[in-house]
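These notes concern the structure reproduced below.
The values are calculated or read from the model by the stated rules, or taken from the named source; none is laboratory data. The model shown is predicted, which means the values in this text are computed figures rather than measured ones. Cβ placement follows ideal geometry from the backbone for every residue including glycine, while neighbour counts extend to all protein chains displayed.
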Amino acid sequence: MLYIGRQNNLMKISFYIAILLVMVSCSSESLDRNPYLEEANFKFEINLNLASYSSLTTTGNAIYIGNTGVGTKGIFVINAGFNTYYAWEASCPNHSPNLCSKMTIIGGTNVKCSCENYEYSLFNGYLLSTPETEKKVYGLLNYRTSVNGSFITVSN
């Protein structure tokens with residue numbers, strides 16, 4: 001009888017833990033989405049054997065790809081080492097896309113928006129300086145990458 005009592009207590013504790021986990025995971029807050037950038041639906045394959053992409057075989061090198069339909073204003077891809085590549089939206093994440101929002105690579109591993117002179121790291125997507133503004137600031141919009149031999153697929 002003592003064994004049955006312990007079993008019931010374990011079941012009650014398990015039930016309360018399950019309820020607690022469900023309540024914690026069901027947050028009323030919405031996802032922290034970037035209101036300025038729409039997420040483009042695309043898939044782009046990079047062949048590292050082609051001369052236009054061969055610089056990505058070196059760790060720390062980054063390129064801009066501005067093909068139509070790839071991102072909103074194109075994408076930046078960087079070789080982060082150890083067969084890891086990161087891809088980021090080329091439009092500045094802190095305002096709606098416009099004439100000055102397409103960023104440029106500076107210093108090889110950072111990008112800069114000419115609208116507000118915001119600078120971001122291509123290694124982690126973070127804004128490198130704190131702007132003097134009260135509004136929320138966003139990091140770079142990241143795209144998925146996968147590597148298969150000498151091909152990198154970037155998609156969203």
Check your understanding: Is it fair to say Cys115 is without any contact (Cβ under 8 Å) to a residue 40 or more places away in the chain, surrounded by fewer than 18 Cβ atoms within 10 Å (Cβ to Cβ), in contact with a His (Cβ under 9 Å, 6 or more places away or on another chain) and not β-branched (Val, Ile, Thr)?
Key -> yes
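For Ile106, state whether it is at negative phi, touching a strand residue (DSSP E or B) at 6+ places or on another chain (Cβ under 8 Å) and surrounded by fewer than 15 Cβ atoms within 10 Å (Cβ to Cβ). I'd like the intermediate steps shown before the answer.
Values: at negative phi: yes; touching a strand residue (DSSP E or B) at 6+ places or on another chain (Cβ under 8 Å): yes; surrounded by fewer than 15 Cβ atoms within 10 Å (Cβ to Cβ): yes.
Judged against the criteria, Ile106 is a match.
Does Lys112 satisfy being of a type in the set (Lys, Arg), farther than 22 Å from Asn156 by Cα, at pLDDT 95 or above and touching a strand residue (DSSP E or B) at 6+ places or on another chain (Cβ under 7 Å)? Please lay out each step first, then the result.
Values: of a type in the set (Lys, Arg): yes; farther than 22 Å from Asn156 by Cα: yes; at pLDDT 95 or above: yes; touching a strand residue (DSSP E or B) at 6+ places or on another chain (Cβ under 7 Å): yes.
It is true that Lys112 is of a type in the set (Lys, Arg), farther than 22 Å from Asn156 by Cα, at pLDDT 95 or above and touching a strand residue (DSSP E or B) at 6+ places or on another chain (Cβ under 7 Å).
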Revision key, fill the gap. With criteria (1) assigned to a strand (DSSP E or B); (2) within 20 Å of Pro35 (Cα to Cα); (3) not small (Gly, Ala, Ser), Ile105 comes up short on (2)
